[in-house]
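Structure first, commentary second.
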């Protein structure tokens, strides 16, 4: 029974994650797929560069909400599952990975849905905003620390990708440090820690092209001015 609930949680979370905000908004409002514009990524930054601030904010908020909502719903379901487990015999692995852990399963699969949406040919975004929604719902203190680190790096470097990659990379270690500082039982937090590493790996892996551009010095900066055509440059020189 617990395995069925866990599978259903994963499937529903994946399907909700597959409703990619930027693709839906760009198709419904502008009649074009955001993936055919700009960087080709179905995410907030490309919406900002292609359709402006309003669409970027709408995309960001909806993607965050998507992750937060699924985790909160799974938290409510966790209460039911935990109570049921007290009255029935459950295996060691059910107790370790399912009881009180549906929120982590939901967190992983809602991001997987965003990254690889079944409704849009498995070509989605990079999962940063949806992961942030998951992280904030699970622990807002840790979420704010990670978010602050990302914003500081983005603001100082003007590279959105660098802030996202760095925040993803430090998230599991910030979480681990937080759990130690709070005196939490790490054995009971195994699934939580696994989820944090999975989210970090997904975000970093989805930024592989950005990493290459950062190394080559060709990554686009936030709010960077577009290069003028050669004719305009020649006129300016005159």
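The values are calculated or read from the model by the stated rules, or taken from the named source; none is laboratory data. Treat the numbers as computed from the prediction; the structure is a model and nothing was measured. Please note: Cβ atoms are built from the backbone with ideal geometry, for glycine as well, and neighbour counts cover all protein chains shown.
The condition (being surrounded by fewer than 18 Cβ atoms within 10 Å (Cβ to Cβ), over 13 Å from the mean Cα position of the chain (by Cα), in contact (Cβ under 8 Å) with a residue 40 or more places away in the chain and more than 17 Å from residue 132 (Cβ to Cβ)) is satisfied by just one residue among 90, 81: 90. With respect to residue 71, is the statement that it is out of contact with any strand residue (DSSP E or B) (no Cβ under 9 Å at 6 or more places or on another chain), under 19 Å from residue 128 (Cβ atoms), touching a residue at least 60 places away in the same chain (Cβ under 8 Å) and surrounded by 15 or more Cβ atoms within 10 Å (Cβ to Cβ) true? Yes; evaluated as a whole, the condition is true for this residue.
Scanning region 1-42 for residues that are out of contact with any helix residue (DSSP H, G or I) (no Cβ under 6 Å at 6 or more places or on another chain), at pLDDT below 90 and not in a helix (DSSP H, G or I), we see that the one that is surrounded by the most Cβ atoms within 10 Å (Cβ to Cβ) is 41.
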